[in-house]
Amino acid sequence: MKKQSILLLSLVMIFTISLSACYSNDNSSFDSAENQEKNSENTEFEEPSALPPMVMLDGIIYKDTGYVNSMLKCGTYDDTIKSSVNAYEKPTKDNQSNFGQGFGYQKWHDYIIVQMLDKKWYIFKNIEDDSTEIPEGVCNFTALIKEVLEDDFVIKVNVLEFPEEFGYIPFPNDDKNALIRVRADNLVYPENQKDNLDTKNLIDKKVRVWFDGDEETFQSGYLLNTYRIEFVE
């Protein structure tokens with residue numbers, strides 16, 4: 001009987017020790033995972049975002065406006081970009097960019113225009129210039145809205161006039177009365193009227209449309225991308 005009691009006590013002790021060990025191991029695993037998560041949180045960092053394309057010339061940094069100069073047809077460069085920093089940095093010396101080297105550029109009024117890989121001339125302005133005006137040289141025309149396709153947010157316009165410098169833009173089938181379909185995402189509504197403006201009231205409204213001057217796109221009769229569309233009084 002005594003031997004049985006001793007044996008039973010031994011089994012209870014072994015079971016208790018094993019249970020304690022398992023609990024200890026489980027806790028260790030939990031703590032380890034928790035510590036790893038904390039360490040992971042501590043080591044996380046925000047990846048910097050790329051800056052807009054920039055060029056330095058004569059000690060001034062010029063930033064890409066995103067607009068294409070459609071007036072310039074001469075391909076003569078004033079110079080080319082000689083060096084480059086990465087896209088997350090600003091250039092620090094003349095003839096340096098943050099988007100690559102070898103690109104030709106010209107000085108144009110208060111701007112720098114750079115010929116990019118698509119052979120179009122993009123307008124760069126002084127980084128200190130916070131104006132929202134569209135620079136001179138961006139192709140535009142005036143037109144009357146003749147139809148509104150609400151499902152596609154497209155307006156059909158009858159072109160009234162291109163400024164003389166953009167008179168070379170070809171019309172669809174050489175028909176100057178052809179209706180041009182224009183995506184209206186960039187339509188600038190009259191103040192406080194965007195939600196309340198009845199699209200029927202847009203018919204025969206005069207607008208000015210700015211786009212990149214791409215001849216093939218305009219000749220197709222559908223301007224998918226525009227810079228801005230403003231009502232003209």
Query raised in the report: If we keep just the residues of segment 215-233 that are part of a helix (DSSP H, G or I) and free of Cβ contacts under 8 Å to residues at least 40 places away in the same chain, which is farthest from ILE145 (Cα to Cα)?
Result: GLU216
Report summary line: Result of the Cβ filter at 9 Å on segment 149-173, keeping first residues that are under 19 Å from ASP214 (Cβ atoms) and at pLDDT 95 or above and partners that are surrounded by fewer than 14 Cβ atoms within 10 Å (Cβ to Cβ) and of a type in the set (S, T, N, Q), at least 6 apart or interchain, is VAL159/ASN177; PHE171/ASN177; PRO172/SER220
Report task. Evaluate segment 77-100: report whether one residue or more is more than 18 Å from the chain's Cα centre (by Cα), under 25 Å from PRO163 (Cβ atoms) and outside the structural domain of GLY213 (by TED's automatic domain parsing). Result -> no
Report task. Hey, could you check segment 116-127 for residues that are closer than 12 Å to VAL55 by Cβ and out of contact with any Lys or Arg (no Cβ under 9 Å at 6 or more places or on another chain) and say which is surrounded by the most Cβ atoms within 10 Å (Cβ to Cβ)? Result -> ILE123
**Report entry** Looking only at segment 82-106, and only at residues there that are touching a residue at least 24 places away in the same chain (Cβ under 8 Å) and over 20 Å from SER49 (Cα atoms), the one that is surrounded by the most Cβ atoms within 10 Å (Cβ to Cβ)
**Finding:** TYR105
Query - Test for ALA184: is it in the same structural domain as TRP210 (by TED's automatic domain parsing) and either of a type in the set (Ser, Thr, Tyr) or under 26 Å from the mean Cα position of the chain (by Cα) (or both) - result: yes
Query raised in the report: more than 23 Å from GLY213 (Cβ to Cβ) and of a type in the set (A, V, I, L, M): does that describe ILE127?
Result: yes
Report summary line: Selection over segment 137-148 where residues are acidic (Asp, Glu) and either without any contact (Cβ under 8 Å) to a residue 40 or more places away in the chain or in contact with a helix residue (DSSP H, G or I) (Cβ under 6 Å, 6 or more places away or on another chain) (or both) yields a count of 0
Query raised in the report: Hey, any hits in segment 192-207 for a residue that's modelled with pLDDT of 95 or more, touching an Asp or Glu at 6+ places or on another chain (Cβ under 9 Å), buried (at least 16 other Cβ atoms within 10 Å of the Cβ) and outside the structural domain of TYR227 (by TED's automatic domain parsing)?
Result: no
Requested in this report: Restricting attention to segment 200-214, report how many residues are over 21 Å from the mean Cα position of the chain (by Cα) and in a strand (DSSP E or B).
Outcome: 3
Query raised in the report: Among ASP118, ASP64, which is the only one that is more than 30 Å from ALA178 (Cα to Cα) and not assigned by TED's automatic domain parsing to the domain that holds PHE218?
Result: ASP64
Requested in this report: Could you tell me whether ASP64 is at pLDDT 95 or above and not hydroxyl-bearing (Ser, Thr, Tyr)?
Outcome: yes
**Report entry** Residue among PHE141, PHE124 that is more than 19 Å from VAL232 (Cβ to Cβ) and assigned to a strand (DSSP E or B)
**Finding:** PHE124
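The values are calculated or read from the model by the stated rules, or taken from the named source; none is laboratory data. Please read these numbers as outputs of a predicted model, since none were measured by experiment. Counting neighbours? That spans all protein chains shown, and the Cβs are built from the backbone with ideal geometry, glycine included.
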